[in-house]
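Presented below is the structure to which this report refers.
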Amino acid sequence: MSFIEYKGVHKAFAGKPVLRGMNLAIAKGEVMFIIGTSGVGKSVTIKHLIGLLRIDAGEIWFDGARVDQLPERKLAPLRRRIGMVFQSSTLFDSMSLVENVALPLRKHQRLDLRAARARAHELLEQVYMADYADRFPAELSDGMRKRAAIARTLALGPEVVLFDEPTTGLDPVSARRIDRLIRELADRLGVTAVVVSHDPPSIFGTADRVALLYQGTVHAVATPAELRASEDPIVQQFIQGRSAGPMETPGF
Amino acid sequence: MMFGEPIASIGAGARRVAQEVGGIVVMTGQVLRALVPPKLDTRELWKNLYKMGNKSVAIVVLTAAFAGGLMTLQTGPFVKKLGATSLAGWAAGYAVLREIGPILIALMFSGRVGANNTAELATMTVTEQLDGLRALAIDPVRFLIVPRVLAMIVMLVALTVIGDLVALLGASVVGHFMLHIDWSTMYFSFADNLRPTDFLHGVYKSFAFGGAIAVASCYFGVTVRGGAVGVGRAVNAAVVASAVSIMLLDFFITYLSA
Amino acid sequence: MRERITALGGGVLEAMRAARELWLTYVATIAGIVRFRRGGHRKGDIARQMYAIGNRSLVFIIVTLGFIGMVMTYEACLQLSRVTGDYSQIGSQFIRLIVSDFGPTLTGLMLATRVGAGIAAEIGSMKVTEQIDALRMSGVLPIDYLIVPRFLASLVMTLMLATLGGAVMYLAGGLTAHYSFNVNTSIFFDFQYLRMRHVILMIVKALAYGAAIPIVAGFCGLRARGSSEGVGWATTAAVIGASFSVIVLDFIISAAALFLTGGDL
């Protein structure tokens with residue numbers, strides 16, 4: 001069994017099915033990108049892993065244990081091992097960067113204020129944000145907030161980090177910086193990264209493997225090179241970014 | 001059929017109210033559970049106490065002064081006509097301490113602090129900060145909600161005490177300058193006729209009001225749906241729910257303590 | 001220390017500026033009404049606003065004023081039972097207070113929270129989603145289109161709700177006195193002290209509140225900035241501003257009435 005495994009997962013919102021029997025296996029230490037058109041269920045997929053949403057049917061396994069049925073109270077250990085960086089960076093507006101990053105340290109590792117801030121500084125350095133430690137999120141650009149959010153997620157030393165559209169809305173330079181960070185995390189720290197994205201340079205520059213989500217299931221799973229060479233018309237349409245083709249995009 | 005529609009909408013409305021009430025009860029349970037044993041973020045508690053107190057002292061003091069003055073305006077002429085000026089303080093003061101003071105101050109508090117709190121929590125929910133907390137395995141109830149609930153209750157009780165005193169002062173000022181009732185007459189009228197139980201009655205009420213405002217404002221903040229529009233609606237709902245709760249609680253407490 | 005004074009001074013200046021803008025909003029609204037009469041508008045607007053304000057606040061007002069009427073009567077009877085035991089005056093005095101003050105003012109306070117929050121939330125969300133700018137681009141004045149209908153509707157509805165609320169208060173009070181203290185309903189429901197001046201007071205107060213609430217709330221809504229936080233701020237400010245306006249107006253009108261009638265209310 002793989003490190004992370006989705007088996008036959010179903011999820012519907014207000015009667016509309018989003019995931020229809022989705023299967024995906026993610027190996028330890030790999031960088032897996034989940035791609036697909038808007039609304040196809042990519043963010044929903046990773047949110048299920050840490051229990052922010054509940055599946056309707058199917059199973060989700062992590063490190064040999066089943067996790068989709070854990071009650072909210074029991075999710076804490078899981079959430080310490082799997083971190084998530086949200087699309088809207090979710091830093092707390094009322095705290096400075098270093099206070100933001102120090103928060104999980106103070107809550108979970110019972111470090112006192114000074115030790116927590118010191119460790120927070122180190123983490124901010126890892127994401128190249130140490131100079132802005134005392135600034136507030138509202139004063140910073142999107143790319144900087146995103147990096148600080150990554151630092152906060154790394155605070156508890158998770159084995160897996162989930163990224164929800166990390167480069168969407170960023171300028172190309174910032175986006176490439178984030179890509180490089182994700183790659184560094186996987187290579188240097190052995191973190192397993194699951195990245196939801198529809199940014200082609202990210203996908204082809206960073207991923208070990210790519211899963212294309214289409215109509216509620218994983219339509220194809222392959223390395224970026226294999227995907228490029230694929231003869232499947234749907235895969236080709238997405239990769240080349242064509243508006244015309246066999247792909248059905250509901251809502252357009 | 002013509003009658004079907006209004007009845008259906010009343011039914012739907014009633015079901016919505018029942019849902020909200022149910023949700024609020026659940027949240028109250030969560031808050032109480034987090035208090036026994038008390039495990040909450042003290043830094044957040046102090047931060048909120050300071051913030052809420054700061055925001056509301058001015059408006060509460062002003063409101064209380066006006067309310068006290070108003071009561072004297074209403075009862076003063078009547079009392080003077082009967083020649084019972086020694087009762088002037090009692091007439092105004094009694095109503096202020098037991099009813100007008102706690103209710104008005106609670107309404108102002110709900111508008112200033114409660115609405116603000118709902119707006120903050122709603123914005124945090126919409127920008128996924130609440131999910132962010134859960135993803136860091138930090139319980140939003142213990143970290144965000146319980147400190148705010150406690151801070152609001154403590155603050156409202158404190159403000160009611162201060163407000164009551166300011167209201168009595170306002171009553172005296174209006175009595176003196178507009179109805180030509182002596183300072184000393186007012187003072188003795190208060191001292192002779194108002195009892196500590198009257199004062200405490202108002203304080204118990206503010207305790208209950210504070211709890212209701214706090215839970216309602218947190219509940220509607222955290223269950224917000226939609227973006228900016230949803231935030232506005234959440235604040236609206238919180239303020240209305242607080243007002244209704246205040247009136248209902250006032251009623252029950254008055255009946256139960258008699 | 002110096003910082004405090006500077007901050008206080010700054011606060012006062014800010015308040016004065018806001019007050020001036022508020023007054024301008026009021027003037028613009030009146031101007032808009034004049035234009036309205038001449039221009040002809042979407043007739044449905046005022047009716048829709050009257051529904052939004054009146055119909056949807058109905059249950060709220062009945063419940064809140066009913067309960068408060070019960071509580072006030074209960075407390076008054078309780079006190080009387082300890083002092084004189086004579087309940088003959090309570091009904092007649094109660095109706096005087098309801099008509100001249102509590103009816104319109106409590107209704108005004110309740111509407112300040114409910115309607116004030118609603119208007120500010122609606123207009124505020126429109127502002128932050130740039131719909132107000134879109135209105136301006138289409139050559140429509142936001143004040144005319146948004147605030148004037150609400151203003152007119154609020155004038156009418158506040159008066160109606162104040163009357164209804166007062167009636168509910170009196171009724172609830174009478175029932176409480178009857179069932180808890182055995183006060184005869186014919187003794188309680190006694191209008192002998194009600195004068196024209198009380199009714200005039202009620203109308204003046206209800207109209208004043210009805211005017212103040214949508215102006216304050218609309219003003220706050222139009223000033224919303226940012227995104228969801230801006231809407232939250234606008235709604236909060238509207239509730240506070242409208243509630244406080246009601247209280248201050250009550251005080252001013254009551255004091256003026258006291259002065260004009262030489263202390264005989």
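What follows is calculated from the coordinates using simple rules that are stated; it is not laboratory data. Only a predicted model underlies this, so the values are computations on that prediction, with no experimental measurement involved. All Cβ positions, glycine included, derive from the backbone under ideal geometry; neighbour counts span all protein chains shown.
Given the convex hull over the Cα atoms of segment A:1-81, what projected area results after averaging over all orientations, in nm²? Don't skip to the end; give the middle numbers.
Working: hull surface 22.0 nm².
The Cα convex hull of segment A:1-81, projected and averaged over all directions, gives 5.5 nm².
Using only the Cα atoms of chain A, each taken as one equal point scatterer with no solvent, compute I(q) by the Debye sum, divide by I(0), and report log10 of the ratio at q = 0.13, 0.14 Å⁻¹.
For chain A at q = 0.13, 0.14 Å⁻¹, log10 I(q)/I(0) is -0.83, -0.96.
What is the order of A:H198, A:H10, fewest Cβ neighbours within 10 Å to most?
On the way: A:H198 19, A:H10 15.
Ascending Cβ contact count within 10 Å gives the list A:H10, A:H198.
So what is the 222 nm mean residue ellipticity for chain A from helices alone, if each DSSP H run of at least 4 adds -39500 (n - 2.57) and you divide by all residues, rounding to the nearest 500 deg cm²/dmol? Display every interim value, and only then the final one.
Details: 9 runs with 91 residues, N = 252.
For chain A, the value works out to -10500 deg cm²/dmol.
Can you give the three extents of the C-alpha atoms in chain B along their principal axes, from longest to shortest, in whole Å?
67, 59, 34
Report, in listed order, any pair from A:K42/C:K127; B:K39/B:K205; A:K74/A:K107 with a Cα-Cα distance greater than 21 Å. Numbers along the way, then the final one.
On the way: A:K42/C:K127 32 Å; B:K39/B:K205 26 Å; A:K74/A:K107 16 Å.
Correct reply: A:K42/C:K127; B:K39/B:K205.
Please report the projected area of chain C's Cα convex hull averaged over all directions, in nm².
Working: hull surface 73.8 nm².
Seen from a random direction, the Cα hull of chain C projects 18.5 nm² on average.
Using Cα-Cα distances under 8 Å and only pairs 6 or more residues apart, what relative contact order does segment A:146-252 have, in percent? If you can, show how the numbers build up before the last one.
On the way: 103 pairs, mean separation 19.8, N = 107.
Value for segment A:146-252: 18 percent.
Excluding residues on the same chain fewer than 8 positions from B:K80, give the aspartates and glutamates whose Cα lies under 20 Å from its Cα.
Excluding near neighbours in sequence, the set is B:D182, B:D192, C:D86, C:D101, C:D264.
Taking every pair of Cα atoms in segment B:81-226, average 1/r, invert it to obtain the Kirkwood radius, and report Rg/Rh to two decimals.
On the way: Rg = 20.4 Å, Rh = 17.2 Å.
Answer for segment B:81-226: 1.19.
Please report the equivalent ellipsoid semi-axes of the protein assembly as shown, computed as sqrt(5 x eigenvalue) of the Cα gyration tensor, largest first, in whole Å.
On the way: eigenvalues 645, 161, 121 Å².
Listed largest to smallest, the semi-axes of the protein assembly as shown are 57, 28, 25 Å.
Calculate, in nm to one decimal, what A:F204 and A:D131 gain on full extension: separation in residues at 0.36 nm each, minus their alpha carbon distance.
23.2 nm
Per residue of A:71-77, how many C-beta atoms from partner chains lie within 10 Å of its own C-beta, taken as a mean? Could you put the intermediate results ahead of the total?
Values: counts 0, 2, 1, 0, 3, 5, 1.
Mean number of neighbouring Cβ atoms from other chains: 2.
Peptide B:111-123: average number of partner chain Cβ atoms within 10 Å per residue? Don't jump to the answer; show the numbers that get you there.
Details: counts 15, 6, 2, 3, 11, 7, 2, 3, 10, 7, 1, 4, 9.
Partner Cβ neighbours, averaged per residue: 6.
Is there a simple number for the mean count of other chain Cβ atoms within 10 Å of the Cβ of residues in B:237-249, and what is it?
Numbers: counts 4, 4, 12, 9, 0, 1, 9, 8, 0, 3, 11, 3, 1.
Across B:237-249, the average partner-chain Cβ count within 10 Å equals 5.
Can you pull out the trypsin sites (Lys or Arg not before Pro) in segment B:156-258 whose DSSP state is coil and whose Cβ has at most 15 other Cβ atoms within 10 Å? Could the numbers behind the result be given before it?
Values: sites: B:K205, B:R225, B:R233; in loops: B:R225.
Here the trypsin sites (Lys or Arg not before Pro) that fit, given the DSSP loop and packing criteria, are B:R225.
When the scattering of segment A:61-118 is computed by the Debye formula from its Cα atoms alone, each counted once and equally, what is log10 I(q)/I(0) at q = 0.16, 0.25, 0.27, 0.28 Å⁻¹?
-0.68, -1.07, -1.12, -1.14
Taking chain B as a Gaussian network, where each spring joins two C-alpha atoms under 10 Å apart, which residue of B:M52, B:M247, B:M155 fluctuates the most?
Greatest mean-square fluctuation among the candidates belongs to B:M247.
Using the number of other C-beta atoms within 10 angstrom as an exposure proxy, rank A:E59, C:E75 with the fewest first. Walk me through the numbers before you get to the answer.
On the way: A:E59 14, C:E75 18.
Lowest count first: A:E59, C:E75.
Hand me the trypsin sites (Lys or Arg not before Pro) from segment A:48-77 located in a DSSP loop with no more than 16 other Cβ atoms within 10 Å, in residue order please. All intermediate terms of the calculation are to be shown ahead of the outcome.
Working: sites: A:R54, A:R66, A:R73, A:K74; in loops: A:R54.
Those satisfying the criteria are A:R54.
In whole Hz, with x marking every Gly and Pro, tabulate ³J(HN,Hα) for segment B:39-44 from phi via Karplus 6.51 cos²θ - 1.76 cosθ + 1.60, θ = phi - 60°.
Karplus values, whole Hz, x for Gly and Pro: 10, 9, 7, 5, 4, 4.
Which one of A:A229, A:A207, A:A76 has the biggest mean-square fluctuation once chain A is modelled by GNM with Cα springs under 10 Å?
Sorting by GNM fluctuation, first place goes to A:A229.
Take C:W233, B:W90, A:W61 and order them by how many other Cβ atoms sit within 10 Å, fewest up front. Spell out each step's value before the answer.
On the way: C:W233 24, B:W90 21, A:W61 17.
The most exposed by this proxy come first: A:W61, B:W90, C:W233.
Each residue of segment B:233-240 in turn: what ³J(HN,Hα) in whole Hz from Karplus with 6.51, -1.76, 1.60 and θ = phi - 60°, glycine and Pro shown as x?
5, 5, 5, 4, 4, 4, 5, 5
What aspartates and glutamates does B:K51 reach when the alpha-carbon gap must be under 17 Å and sequence neighbours fewer than 8 apart in one chain are set aside?
A:D93, B:D41, B:E120, C:E229
Given the options A:A155, A:A175, A:A115, which has the most mean-square fluctuation in a GNM of chain A, springs set between C-alpha atoms less than 10 angstrom apart?
A:A115
Quick one: check the C-alpha center-to-center distance for segment A:8-26 versus segment A:192-213, whole angstrom.
Computed from Cα coordinates, the inter-centre distance equals 20 Å.
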